[in-house]
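Chemist: Take this structure, written in structure tokens, and hold onto it; I'll ask about it next.
Here, each number is a calculation from the coordinates, and none is a lab measurement. In this text, all values refer to a predicted model and were calculated from it rather than measured experimentally. No Cβ is skipped: glycine too gets one built from the backbone with ideal geometry, and neighbour counts run over all protein chains shown.
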Amino acid sequence: MDEQQLRVFIDIVSQYFERQTGKAPEVGSPYLGDASALPIYDFTGVIGISGERQGCVYVTAHRDLLRQLLLHVGEADVSDTNLCDLVGEVANTISGNARRYFGPDFMISVPVVVSGNARAIQVPRSVKAYILPLRWHKFEAALVVSLQ
Amino acid sequence: MALKLMIVDDSNIIRSKITRTLTQHDMQVVATASNGEDAVKLFGAHKPDVVTMDLTMPRMDGLECIRALRKIDPSISILVVSALADKATAIQALKEGAQGFLCKPFSETDLTEAMEELLGEDAHG
């Protein structure tokens, strides 16, 4: 992935929060991470990527961020079921929106949602993952892009 | 009379948002489904006037579901509501028989306007 492609994901995640809540997240400096040391918060939505690019895109977020985000989108039910649903939907939306840049051969899976368990997340071990640290209000999250 | 709506999306949050928005605009949700397969099963029993359709879903995706629904009722109005933001996918959905395409993330206003455009002002009351 080059800098321009990374910028695509930064723009999409910023626009997502801005459109849904009126407030864009603070995006920290992106960094490359090893597959064995990737950030994992309370809930993680993983999208498998196939086609011309292969790998995964995942969004991982603190519980309180997801609760606040749910309330902002008008959903009063902040149960764990809906927190899982939301983190999967955020990951799906960011990955799907990326096709505007990558085209229809950037094929995305349905979301797989993981609650807390980092070992359940599979990323390609042969490539470094780009990590975009996010902070929205005072809560932390990260977008992780691992593409061959 | 309220138009009958079926919502097809694998996200409960999106189904709730569409329900909240469109029931304020003289539409009645008669069925919801989290995948295309269930949508096809429910369609005949509930005979909706209009369907909102996600594309990326388990078991049967949205494009296959649109094809199946159009076989059952060629006159059904379908609004695709999807995160897949590339032009080729939108064009393919329209070729398969959808009449409108709304990209996620969307606001309540975006959805209302897309539905009004789909149905035309007369049909929407």
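Chemist: Filter region B:94-106 down to the residues that are over 13 Å from residue B:14 (Cβ atoms), free of Cβ contacts under 8 Å to residues at least 40 places away in the same chain and not in a helix (DSSP H, G or I) and list them by number.
Modeler: B:97, B:99, B:100, B:101
Chemist: Is it the case that region B:15-33 has a residue that's under 25 Å from residue B:113 (Cβ atoms), surrounded by fewer than 18 Cβ atoms within 10 Å (Cβ to Cβ) and of a type in the set (D, E, K, R)?
Modeler: For region B:15-33, residues under 25 Å from residue B:113 (Cβ atoms), surrounded by fewer than 18 Cβ atoms within 10 Å (Cβ to Cβ) and of a type in the set (D, E, K, R): present.
Chemist: What tally of residues in region B:45-89 results from selecting those that are more than 10 Å from chain A (Cβ to nearest Cβ) and either more than 23 Å from residue B:26 (Cα to Cα) or crowded, with 17+ Cβ neighbours inside 10 Å (or both)?
Modeler: 25
Chemist: Of the conditions (1) free of Cβ contacts under 8 Å to residues at least 40 places away in the same chain; (2) within 14 Å of chain B (Cβ to nearest Cβ); (3) of a type in the set (Asp, Glu); (4) closer than 30 Å to residue B:88 by Cβ, residue A:89 fails just one. Which one is it?
Modeler: (1)
Chemist: Here is a check on your reading of the model: is residue A:59 within 14 Å of chain B (Cβ to nearest Cβ), among the hydrophobic types (A, V, I, L, M, F, W, C) and within 15 Å of residue A:92 (Cβ to Cβ)?
Modeler: Judged against the criteria, residue A:59 is a match.
Chemist: Within region B:9-30, can one find any residue that is part of a strand (DSSP E or B), within 19 Å of residue B:98 (Cβ to Cβ) and not hydrophobic (A, V, I, L, M, F, W, C)?
Modeler: no
Chemist: Hey, among the residues in region B:79-93 that are polar (S, T, N, Q) and in a helix (DSSP H, G or I), which one's nearest to residue A:90 (Cα to Cα)? So that I can check it myself, show each step before the final result.
Modeler: If we filter region B:79-93 for residues that are polar (S, T, N, Q), which is where we start, we get B:82, B:89, B:92.
Filter once more, so that each one left must be in a helix (DSSP H, G or I): B:89, B:92.
Working: B:89: 20, B:92: 24 Å.
The qualifying residue nearest to residue A:90 (Cα to Cα) is B:89.
Chemist: Pick from region A:109-148 the residues that are in contact with a Gly (Cβ under 6 Å, 6 or more places away or on another chain) and of a type in the set (A, V, I, L, M): which of them is surrounded by the fewest Cβ atoms within 10 Å (Cβ to Cβ)?
Modeler: Checked region A:109-148; the qualifying residue surrounded by the fewest Cβ atoms within 10 Å (Cβ to Cβ) is A:113.
Chemist: Any residue in region A:102-118 that's over 12 Å from residue A:59 (Cα atoms): show its pairings with residues that are among the small types (Gly, Ala, Ser) and part of a loop (DSSP other than H, G, I, E, B) at Cβ separation under 9 Å, as long as the two are six or more apart or on different chains.
Modeler: Qualifying pairs under 9 Å: A:106/A:98; A:108/A:98; A:108/B:83.
Chemist: Is there a residue being in contact (Cβ under 8 Å) with a residue 12 or more places away in the chain and facing another protein chain (nearest Cβ under 9 Å) anywhere in region A:132-143?
Modeler: no
Chemist: Something else: Wholly within region A:1-98, which helices (runs of 4 or more DSSP H) include no fewer than the required count, namely at least 3 residues that are under 15 Å from the mean Cα position of the chain (by Cα) and surrounded by fewer than 22 Cβ atoms within 10 Å (Cβ to Cβ)?
Modeler: Result: A:3-21.
Chemist: Could you please find all residues in region B:75-93 being farther than 29 Å from residue A:69 by Cα and without any contact (Cβ under 8 Å) to a residue 12 or more places away in the chain?
Modeler: Hits for region B:75-93 are B:75, B:88, B:91.
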